[in-house]
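The values are calculated or read from the model by the stated rules, or taken from the named source; none is laboratory data. As the structure is a prediction and not an experimental result, all values here were calculated from the model. Please note: Cβ atoms are built from the backbone with ideal geometry, for glycine as well, and neighbour counts cover all protein chains shown. Surface areas here come from the heavy atoms of the whole protein model, side chains and all, with no ligands, DNA or RNA. Shrake-Rupley method; radii C 1.70, N 1.55, O 1.52, S 1.80 Å.
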Amino acid sequence: MSSIDFPRRFLWGTATAAHQVEGGNWNNDWWAWEHDPASPCVEPSGDAVDHYHRYREDLGLLADLGFNAYRFSLEWSRLEPEDGEVSLAALNHYRRVIEACHEVGLLPVVTFHHFTTPRWVAARGGWGAPDTADLFARFAQWAAEGLSDLLSIVCTINEPNIVATMGFLTGVFPPGLQDPGARERANGVLIDAHHKAAAAIRRAAPGCRVGLTLAMSEWTAVDGGEETLDELRGPMEDVFLEATRVDDFIGVQTYSRNRISPAGYLGPEPDAELTLMGYEFRPQALEATIRRAAGVTGLAVFVTENGVATTDDRRRIEFVRRALEGVHRCIEDGIEVLGYTYWSALDNFEWVLGYGPTFGLIGVDRGTQQRSVKASARWLGGVARANALG
Ligand code: GCO
């Protein structure tokens, strides 16, 4: 079979998020949530995988494997631990991380908010309070000014749709509300925050490309579920896609599909292969979401997350191979795709589910923090180095 070649300068990356990998992120709403007996969290994040101290080792592994990009997030609660009180020590830490990326040839893709919000912001209403958009934009401007010479691609907010839906509608994420009106309002605050932060970042760091990242699924109507599908997808995806038209790219983050009947979410097909997240093993979902994101927004697409939680590394390779075949079909049809980012570089803290679901290309023994490179890491790193799927 001939190899499938990807465009020149295609980005091949892996992703992490501060709270899931750094360790000791105690000053945010998630640390409080993890220790709240009323929350569904199965365990606290604790030391995570100590990436805060081990990032050079991890970046070196990723560069040696063949990747050319690395997506990670800034922890707002480290950088602004109290209202208006900023930490230059924390800013210099993230400068060192970005400089380390450049030193080993990894293009840094910097996310400014990845699910976690400082306790002092959460205490004033968090994403349920309209002025949080201004607080976030103020933080984004300060951080972007401090990092401006090192930034090239910035994701303002990771999955604002998940922050709003899980925090204000399903109640699984902090603040644990189950109120459709609150979810709609949070959607609006997050969109306002994205627009204000993106403008601030562009002013502070002219020339860098800015967008948000959106959790997107393939959607399948079953037994006349079309109308219900549109009702559910609207506030989950469409409002955000509509809001991103002024951006430089749309970050697409896809794991599986939603099956929708007239009564709502159906869950996976009865005999479907499931991942450790309980999702249908559905690598072809990524092609569907790339096509939809590009079609609705007209923007370049950056796959900022795609991956699979499994203990069978062979299934991980099969999943990514099939996902990449779909990415390539989109490119062949003229859709601009900036790159592919695998979630995640490292097995890490999977939010409410703790450390059980393993997505990583690199395993971690959290007793010793010893890293172990999986076969899938070597395989995908080889694809990245060749810029082709053999
Ligand atoms: C998300 C987050 C990641 C998750 C990943 C696997 O998209 O939910 O960006 O933090 O860990 O998606 O669920």
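A 1.4 Å probe, protein heavy atoms only, puts the accessible area of Asp192 near 50 Å².
Check each of the GluC sites (Glu not before Pro) in the range 216-286 and keep only those in coil by DSSP with at most 13 other C-beta atoms within 10 angstrom; list them in order. It would help to have the intermediate numbers written out before the result.
Values: sites: Glu218, Glu226, Glu227, Glu231, Glu237, Glu242, Glu273, Glu280; in loops: Glu273.
Loop-located and lightly packed - Glu273.
Spin-label pair Met277-Trp26: with each label point 7 Å from Cα along the Cα-Cβ axis, the two points sit 3.1 nm from one another.
Per-residue surface analysis assigns Ser87 an accessible area of about 30 Å², computed on protein heavy atoms at 1.4 Å probe radius.
Of the accessible area of the chain, computed with a 1.4 Å probe over protein heavy atoms only, carbon and sulfur atoms account for 51 percent. Per residue, the range 81-190 exposes 35 Å² of solvent-accessible protein surface, assessed with a 1.4 angstrom probe and all protein chains in place.
Most mobile of Val172, Val327, Val109 per a Gaussian network model of the chain (Cα springs, under 10 Å)? Checking each option, the largest mean-square fluctuation is seen for Val172.
If you count only protein heavy atoms with a 1.4 Å probe, what accessible area per residue comes out for the range 212-369, rounded to a whole Å²? Provide the component values of the computation, followed by the final result.
On the way: 5760 Å² over 158 residues.
Normalised by residue count, the accessible surface of the range 212-369 is 36 Å².
Using the alpha-carbon positions of the chain, Rg (one decimal) and Dmax (whole number) come out as 19.5, 58 Å. Annotation for the range 1-82: trypsin sites (Lys or Arg not before Pro) lying in DSSP loop with at most 16 further Cβ atoms inside 10 Å of their Cβ are Arg8, Arg9.
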